[in-house]
1. Output the number of residues of the range 61-112 satisfying the condition of being among the charged types (D, E, K, R) and farther than 23 Å from residue 7 by Cβ.
2. Among residues belonging to the range 29-45 that are charged (D, E, K, R) and either outside any loop (DSSP other than H, G, I, E, B) or out of contact with any Phe, Trp or Tyr (no Cβ under 6 Å at 6 or more places or on another chain) (or both), point out the one that is least open to solvent (accessible area, probe 1.4 Å).
3. Kindly check whether there is at least one residue in the range 15-26 that is more than 15 Å from residue 113 (Cβ to Cβ), modelled with pLDDT of 95 or more, touching a strand residue (DSSP E or B) at 6+ places or on another chain (Cβ under 8 Å) and outside any strand (DSSP E or B).
4. Quick one: is residue 120 part of a loop (DSSP other than H, G, I, E, B), over 12 Å from residue 4 (Cα atoms) and under 15 Å from the mean Cα position of the chain (by Cα)?
5. How many of the residues in the range 56-91 are open to solvent by less than 30 Å² (accessible area, probe 1.4 Å) and either in a loop (DSSP other than H, G, I, E, B) or under 17 Å from residue 111 (Cβ atoms) (or both)?
6. I'd like the full set of residues that are part of a strand (DSSP E or B) and open to solvent by 50 Å² or more (accessible area, probe 1.4 Å), limited to the range 1-14.
7. If I ask for residues that are surrounded by 15 or more Cβ atoms within 10 Å (Cβ to Cβ) and more than 10 Å from the chain's Cα centre (by Cα), which ones from the range 17-28 would you list?
8. Looking at 91, 58, can you tell me which residue is over 15 Å from residue 117 (Cα atoms) and more than 10 Å from the chain's Cα centre (by Cα)?
Amino acid sequence: QVKLVESGGGLVQAGGSLRLSCAASGRTFGSYAMSWFRQAPGMEREFVAAINWGGALTNYADSVKGRFTISRDNAKNTVYLQMNSLRPEDTAVYYCAAASTYRDAKPSGTINYWGQGTQVTVSS
């Protein structure tokens, strides 16, 4: 069992930056691939970024490529999402997710665990 708790969301002006954190419980964190997803009001949840267990492989949605960076620190059981050059369309609830494989952490894969989400609001 893995429990995921996101933090770091908030209100920021367009062009600004935020760093989201996702703290995981459980001794097996390092064996999971991790992802970030987001869901805007009235929209379906969408994939944002994924990282494999060791951190060497990453994958991004086209809409955030070049602006967002996913990383992880297995010693701290934490995955991060650094978000730069934020836009109003990035406004959403951001969710951390854990998957058994890197393939499952990417779009259309099978997620094993979800966090509760953290709100990010970007004002114009």
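The values are calculated or read from the model by the stated rules, or taken from the named source; none is laboratory data. The shown structure was predicted, so the numbers you read here are calculated from the model rather than taken from an experiment. Quick reminder, even Gly has a Cβ in these numbers, built from the backbone with ideal geometry, and neighbours come from all protein chains shown. For accessibility, only protein heavy atoms count, side chains too; no ligands or nucleic acids. Shrake-Rupley method; radii C 1.70, N 1.55, O 1.52, S 1.80 Å.
1. 5
2. 38
3. Here is the first cut: in the range 15-26, the ones more than 15 Å from residue 113 (Cβ to Cβ) are 15-21.
From the residues that got through so far, the ones that are modelled with pLDDT of 95 or more too are 15-21.
Right, trim to touching a strand residue (DSSP E or B) at 6+ places or on another chain (Cβ under 8 Å) and you get 16-21.
Filter once more, so that each one left must be outside any strand (DSSP E or B): 16-17.
The answer is yes, given that some residue of the range 15-26 is more than 15 Å from residue 113 (Cβ to Cβ), modelled with pLDDT of 95 or more, touching a strand residue (DSSP E or B) at 6+ places or on another chain (Cβ under 8 Å) and outside any strand (DSSP E or B).
4. When the stated conditions are applied, residue 120 does not pass them.
5. 7
6. In the first step, residues of the range 1-14 are kept if they are part of a strand (DSSP E or B); the result is 4-7, 10-13.
Within the range 1-14, 5, 7, 11, 13 meet the criteria.
7. Those that are surrounded by 15 or more Cβ atoms within 10 Å (Cβ to Cβ) and more than 10 Å from the chain's Cα centre (by Cα): 18, 23, 24, 26.
8. Residue meeting the stated conditions: 58.
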